[in-house]
Amino acid sequence: MARFTILSPTAILGYGFPESSFERGLAHNPDLIAVDAGSADPGPYYLGAGKSFTDRSAVRRDLSLMLGAAVRHGIPLVIGSAGGAGATPHLQWTVDIVKELADELGLAFRLGIVAADVSRHTLLEGLQQHRVKALTSVPPLTADILNETGPMVAQMGVEPIQQALTAGCEVVVAGRAYDPAVFAALPMLQGYDAGLALHLGKILECAAIAASPGSGADCALGILEKDRFILQPLSDSRSFTPTSVAAHTLYEKSDPYILPGPGGHLDLRNISFEDIGHGRVAVSGSSFVPSREYTLKIEGARRVGYRSIAIAGIRDPIMIASISEILDQVRSRVNELHPAGLQQGSLHFHVYGKDGVMGKQEPLRNAPSHELGIVIDAVCPDPQSADTLCSLTRSTLLHFGYAGRIATAGNLAFPFSPSDLRAGEVYEFSVYHLLQTDALSLFPLSILEL
Amino acid sequence: MASLQDIALVVRSKNTSPFTYSLDIMFRAARDYEDFKSRGLIDSALIAELYGIGQDKVLDIIFFDPALAIKICLPREISSGAPGDRDVYGAQQHVPLLLWNFPHASD
C-alpha cells in the first residue's frame with residue numbers, strides 16, 4: 001500500500017523539540033521533514049520591521065538537527081514562512097543560518113529559496129482591476145493605504161514549493177506560506193489526495209499541539225494513505241485521540257468546516273476520526289474544493305509611529321478609588337501643557353488590576369483592587385515626541401493633586417530607573433486582503449548549490 | 001445557577017486573524033453540549049450582552065459536533081498590535097463567557 005510519511009519536528013521553527021522524539025520519527029523513514037516557521041500571531045511589528053520573533057540561536061539549534069538528518073538520509077526538508085513573517089529580510093536571515101550550518105556540518109545539497117514579497121505596484125494594479133477583496137472586518141484597501149505600507153507578502157500555496165522540489169532542491173526555504181503547504185506540496189506532487197494532504201498539513205503545522213497532552217515543542221508523525229491519514233505521537237507521554245484532533249480542528253479558525261486557502265478551500269464537513277490504538281488516530285473524509293479563481297492572502301504592515309512607555313504601581317486606596325477620573329484629568333492637563341503631543345500622537349493608559357486586558361468589556365472593572373499596575377503608552381510620529389509625551393504624562397500623574405489626596409509626596413511607585421523606556425517602532429496591519437492572481441508568478445525561485 | 005467553568009473542558013479566545021477573534025467552548029459531556037445546542041443558549045443576543053457590543057457585530061456562531069464545541073466569531077475593536085490594543089494574541093478575552101451564569105434546564 002502506498003504511504004507517505006511526514007515528520008513534523010516542532011510547531012514553530014525555534015520552539016525546540018526533544019532529540020529522542022526526533023530520532024523516533026527518523027526511525028519511521030519519513031519521506032519528508034517539514035516545518036512551519038511563521039505566524040501573524042505576534043503582531044504586525046515583525047513583518048513591518050523585518051525582524052524574526054524567534055531567537056536566532058534557538059532556530060539554529062532546531063535547524064542543525066533537521067538539516068543534518070535530512071541531508072544525510074536523503075529526506076527532503078521544507079521550511080515555510082521563514083523567519084516568522086516570510087518577507088525578504090526574514091528569508092535571508094534563515095538562509096544565512098542554513099548556509100552557516102551547511103558549512104559547519106560539511107553538508108552539500110541543492111537549496112531552493114522561494115521569495116513571497118509582493119510589490120506595491122502589483123497591489124495597485126490589482127486594485128484598479130478589482131482583483132482585491134478585504135477579509136472579514138478589514139477596512140477596504142486604498143491607494144493611500146498602499147503608499148503608507150512597507151513590506152508586503154503573499155501566502156503561497158503548494159505550487160511554488162512543488163516547483164522548487166521538481167527542480168531537484170533537497171532543501172527548500174520558502175517565504176510566507178499557507179501553513180499546510182510545506183507539508184502537502186511533495187505528497188500532492190506524488191499524486192496523494194489534496195484534501196487529505198492539506199488537512200494533514202493543517203494539523204502537522206502545529207506538531208504535537210493536537211495530541212493529548214498537547215505541546216508545540218515536540219514532534220509528530222503523519223502518514224498519508226490513499227483515502228485516509230494517520231497521526232502518530234513520537235513521545236510515550238502523548239497520544240492522539242479523536243477528541244484531541246477534533247479540538248485542534250477548531251483552533252485559530254473562524255469556521256471549522258470550511259477552511260479557505262490558496263486556490264480553494266478544505267471542506268471538513270464529512271470528516272471522521274477513528275482511534276486505531278497506540279495513541280494513533282486515523283482521519284478520513286477531508287476534501288479540497290478548487291475555486292474558480294485563484295486567490296492569495298496578502299499581508300502588509302505600515303509604520304504608525306514610535307512608542308515610549310513608563311511602568312508604575314499604585315497602592316494608595318484613595319487614589320485607586322477614583323483612578324478613572326484621575327487619568328481623564330491627567331490626560332486633559334497633558335493636552336493643555338503640550339497640545340501637539342495628543343494631536344499628532346496617541347496616549348493610552350493600560351491599568352492592570354482594573355481593566356488592562358479587556359478595557360470597557362471587563363465585567364469586573366469596578367471591582368475593588370488594593371493595587372494597580374499602570375503602563376503609560378505614548379505613540380508619536382517620531383521617537384523624541386513619544387519621549388516627550390510619555391515623560392510629561394508620567395510627571396503629571398506622579399504629582400497630580402487629585403481630589404481627597406493625602407499622600408502628597410508622589411502618586412506612583414516606579415520599579416525601574418529610568419522610569420521611561422523606548423519601545424521602538426509601532427506598526428499596524430494595513431493590508432490583510434485577498435488578491436486574485438495565479439499560483440506561481442509572485443513567488444520567484446532561486447537555487448543555490450551548497 | 002452554574003457557569004461554564006463548571007461543565008466545560010475548554011473555554012478560550014484566540015485571534016483568527018489580526019482583525020477577528022474567536023471564542024471556543026468545548027464541553028466535557030455530550031449531554032451538556034446537546035442541551036446547550038437544543039435550547040439555543042448561546043446566541044448573538046447573549047454574546048452582545050456579555051461583550052457590550054451590538055448583535056450585528058457577532059459574525060458567526062458555529063456548532064461543531066465532532067469536538068462538542070461551539071465557536072463564536074467576533075471582530076477585534078483594534079487590530080492586533082495597533083496602538084491601543086490590549087491583547088495582541090487575543091488570548092485573554094474569554095472571561096465574560098467563562099463567568100456567565102447560564103440557566104439550568106430545570107430553571
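Side notes on the structure shown:
- Contact map, the range A:285-309: residues that are over 19 Å from A:A154 (Cα atoms) and away from chain B (no Cβ under 11 Å) paired with residues that are surrounded by fewer than 20 Cβ atoms within 10 Å (Cβ to Cβ) and of a type in the set (V, I, T), Cβ distance under 8 Å, separation 6+ or inter-chain. Pairs shown: A:I309/A:V375.
- Every listed requirement among (1) facing chain B (nearest Cβ under 10 Å); (2) at pLDDT 95 or above is met by A:P363 save one, (2).
- Checked against the criterion of being without any contact (Cβ under 8 Å) to a residue 60 or more places away in the chain, of a type outside the set (S, T, Y), crowded, with 18+ Cβ neighbours inside 10 Å and closer than 21 Å to A:V172 by Cα, the candidates A:G14, A:G38 yield just one match: A:G14.
- Condition check for A:T249: within 14 Å of chain B (Cβ to nearest Cβ), among the hydroxyl-bearing types (S, T, Y) and crowded, with 20+ Cβ neighbours inside 10 Å: yes
- Filtered residues of the range A:426-444 (kept if surrounded by fewer than 18 Cβ atoms within 10 Å (Cβ to Cβ) and either free of Cβ contacts under 8 Å to residues at least 12 places away in the same chain or in contact with a strand residue (DSSP E or B) (Cβ under 6 Å, 6 or more places away or on another chain) (or both)): A:Q436, A:S441
- Filter result (more than 7 Å from every other protein chain (Cβ to nearest Cβ), farther than 11 Å from B:S13 by Cβ and in contact (Cβ under 8 Å) with a residue 60 or more places away in the chain) within the range B:71-106: B:W100, B:N101, B:F102, B:P103, B:H104, B:A105
- Residue that is more than 9 Å from every other protein chain (Cβ to nearest Cβ), among the hydroxyl-bearing types (S, T, Y), in contact (Cβ under 8 Å) with a residue 12 or more places away in the chain and surrounded by fewer than 22 Cβ atoms within 10 Å (Cβ to Cβ), where the choices are B:S38, B:S3: B:S3
- One residue stands out in the range B:44-60 among those that are among the hydrophobic types (A, V, I, L, M, F, W, C) and not in a helix (DSSP H, G or I): the one that is nearest to the other protein chains (Cβ to nearest Cβ), namely B:L59.
- Taken residue by residue, the range B:61-70 has no member that is facing chain A (nearest Cβ under 10 Å), in contact with a Leu (Cβ under 9 Å, 6 or more places away or on another chain), farther than 15 Å from B:F36 by Cβ and not in a helix (DSSP H, G or I).
- The range A:283-339, subset among the aromatic types (F, W, Y) and under 30 Å from A:L434 (Cβ atoms), residue surrounded by the most Cβ atoms within 10 Å (Cβ to Cβ): A:F288
- Flag for A:G261 being at pLDDT 95 or above, under 30 Å from B:L68 (Cβ atoms) and within 14 Å of another protein chain (Cβ to nearest Cβ): yes
- For the range A:137-163, the tally of residues that are over 18 Å from the mean Cα position of the chain (by Cα) and under 17 Å from A:D438 (Cα atoms) stands at 6.
- Of everything in the range B:12-27 that is within 15 Å of A:Y432 (Cα to Cα) and out of contact with any Cys (no Cβ under 7 Å at 6 or more places or on another chain), the residue that is farthest from the other protein chains (Cβ to nearest Cβ) is B:Y21.
- Exactly one residue out of A:V95, A:V78 is within 30 Å of A:G424 (Cα to Cα) and buried (at least 18 other Cβ atoms within 10 Å of the Cβ): that is A:V95.
- Of all residues making up the range A:195-240, the number that are β-branched (V, I, T) and over 21 Å from the mean Cα position of the chain (by Cα): 2
- Options A:D255, A:D227, A:D275, A:D236; residue that is in contact with a helix residue (DSSP H, G or I) (Cβ under 7 Å, 6 or more places away or on another chain) and either away from chain B (no Cβ under 14 Å) or surrounded by fewer than 20 Cβ atoms within 10 Å (Cβ to Cβ) (or both): A:D275
The values are calculated or read from the model by the stated rules, or taken from the named source; none is laboratory data. Everything numeric in this text was worked out from a predicted model, so none of it was measured. All Cβ positions, glycine included, derive from the backbone under ideal geometry; neighbour counts span all protein chains shown.
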